[in-house]
Structures are given as C-alpha cells and as structure tokens.
Amino acid sequence: MLETMTEPLRIRQVVLGEGFPKICVPLTARDEKTLEEEAVGAVREQPDLIEWRADFFENICQPEEVEACLTMLRRVLGEIPLIFTVRTESEGGSREFSVEQYEEILRQASQSDQADLIDIEYFRNPSRMEKLIEDIHHDGKKVIGSHHNFAGTYAKQELIQRMRQMDQAKADVLKVAMMPENLDDVCDLLKATREMVQEYTKCPVVTMSMSEMGRVTRYAGEVFGSCVTFATVGEASAPGQEDIRKMREALTFYHDNFV
C-alpha cells in the first residue's frame, strides 16, 4: 500500500483520502426538471459523491433559481455529499464568467445549507481566490482547490508547485486535471501525484489525465494517491470519463492486484 501523509477528510459519511478512491458523478442538466431527473438516476447507482456542474444550468445567474436547485438536490441526494462547481470556459466549462460573477455565484452556494464542497478555480485570480476560500471556510464549507488545463500537461515539478500553492492557500482538497499529448505526460501526472501525497501535503489529492490516453489515471488512484475519480451516469462532463459500473469494476481490479 502507498504510504502517504494524507489526513482523511470526512464529508458527511464519506471519507476522502483512505481506501478505494471515491466515485463522483457530475450532473450537467440545463434546467431544474432535467437536473432532478439526472440526480434521481445518479442516486440509483449509489455514487460516493455527486457534483453539480452548475455552469451548464441556463439560469445560473439567477440566485433564486440556483437556491431552488440546491434545495431539490439535497432532498434527492439525502446524505450523499454534494460538490458545487462552476467550471469556466477557460478551464473546460460551458461558458465564461467575470471574476465578480464567479465569486458571487460561489458565495451564494456556500451560504446555502445544501452544498458540502465548493470547487474554486484557484489560478483564475489567486489573491481573490484565497479570500474566497477564507470566506467559504467561514460559512462552514470545505473547498476543492482546482486547476484544469485542456491545452496540455505541465512538467512534473510545475504540477507539484501548483498543488502546493493551493495547499498553502488552505484549500481542503487539491485537484488538477491535465490533457496529455503523449504517455510521458500521463506518467508525469502520476509521478507528481505520488510525490505530492508522500512529501508535500496532508490534504486529499485528486488528479486525472484526460482523454482516452489518460484513462488509466482514473482507475489507478489508490496506487498513486488520487482519492476521487469521476464517472458517468449518462453524459460525460469531461473527456475520458467512464460509466460508473465499469469504473467500479476497474477500481476493484486495481485494488485486488496492485494495492
């Protein structure tokens, strides 16, 4: 078993950073009715976490609509932890937001009683995001510090440096997702993940190399130190995501043969 510095993080009844990587299913509906249908279908497959990719929601800039969806999701999800994410276009999301819009939407979700984890794209504006992390912690919520690069993969040391920056900003979970151009990129991400959890952070780490080329990184988290993987019940929200049932089979295979 990989020896790490990770201090497990409990979110409701789910513990990040120990045992099997937890499976998260993203919801990407454009309206509340379809979002509820997606959520019901996802819950039926019993994922460990559910992520609402709210950037797909057509009324994302209407606070009362967002709050209604959050309330509905908590009712449907029960005790399954909910991640609230607004992925911007520059990091692979469905649309772009000004920094002010982005902060306002995340603050609203944080002040709601419904979401458990708030995803923050740390590198869109580090100084402002550090203040946002502080405010979200004040609301009693946990933060996923994230960074997504759909144009390529940073060298191993830069991957580590970026995760360490988010760690120093007091994010509770550190997440990076990179697009590989070759298998060396995939290997660099896996090496960076292992080194990060063994030497630099006590926070749970989530990493993935996107597309078909990087698919192995979604299965091998327990081997290298990534504690969450994303799977689909329906439409994928990022390249390389696997159906949740196939993902469970793959995680079991890696656990039984490599851990």
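The values are calculated or read from the model by the stated rules, or taken from the named source; none is laboratory data. This one's a predicted model, so the numbers in the text were calculated from it and none came from an experiment. Cβ sites come from the backbone with ideal geometry, for glycine too, and all protein chains shown count toward neighbours. The protein model used for the area step is the full one, side chains on, heavy atoms only, and it has no ligands, DNA or RNA in it. Shrake-Rupley method; radii C 1.70, N 1.55, O 1.52, S 1.80 Å.
Points worth noting:
- Region 29-111 - percent of accessible surface contributed by carbon and sulfur, probe 1.4 Å: 46
- The relative contact order of region 13-147 comes to 20 percent, based on Cα pairs under 8 Å that sit 6 or more residues apart.
- FRET efficiency, A155 to R75 (Cβ-Cβ, R0 45 Å, nearest 0.05): 0.50
- Charged-residue dipole, Cβ positions (Lys, Arg, Asp, Glu), region 72-211 about Cα centre, Debye nearest 20: 260
- Paired Rg and Dmax values of region 119-259, which use every Cα atom, in angstrom: 14.9, 44
- Computed over region 125-193, the P(r) curve from all C-alpha pair distances, binned at 5 Å from the origin, holds 3, 17, 26, 20, 14, 11, 6, 2, 0 percent per bin.
- Each Lys and Arg contributes +1 and each Asp and Glu -1, all at the Cβ; summed about the Cα centre of the chain, the dipole is approximately 520 debye.
- Listed pairs K175/K246; K33/K175; K141/K191 exceeding 28 Å between Cα atoms: K33/K175; K141/K191
- Computed from backbone phi, the HN-Hα couplings of region 242-254 come to 10, 4, 4, 5, 5, 5, 4, 4, 5, 4, 5, 4, 5 Hz, rounded to whole numbers (Karplus: 6.51 cos²θ - 1.76 cosθ + 1.60, θ = phi - 60°; Gly and Pro given as x).
- Cα gyration tensor category, rounded, prolate or oblate, for region 1-156 with a/c compared to 1.5: rounded
- Since only T71, T6, V40 are under comparison, the one whose Cα sits farthest along the positive direction of the charge dipole of region 1-72, derived from C-beta charges on Lys, Arg, Asp and Glu, is T6.
- Cα-based helix-to-principal-axis angle, 126-138 vs the chain, degrees rounded to 10: 70
- Taken about its Cα centre, region 36-125 carries a charge dipole of about 120 debye when Lys and Arg each add +1 at the Cβ and Asp and Glu each add -1 at the Cβ.
- Alpha-carbon gyration tensor eigenvalues x 5, square-rooted, for region 88-166, Å: 23, 15, 11
- For the chain, the solvent-accessible area works out to 43 Å² per residue, with a probe of 1.4 Å and every protein chain left in place.
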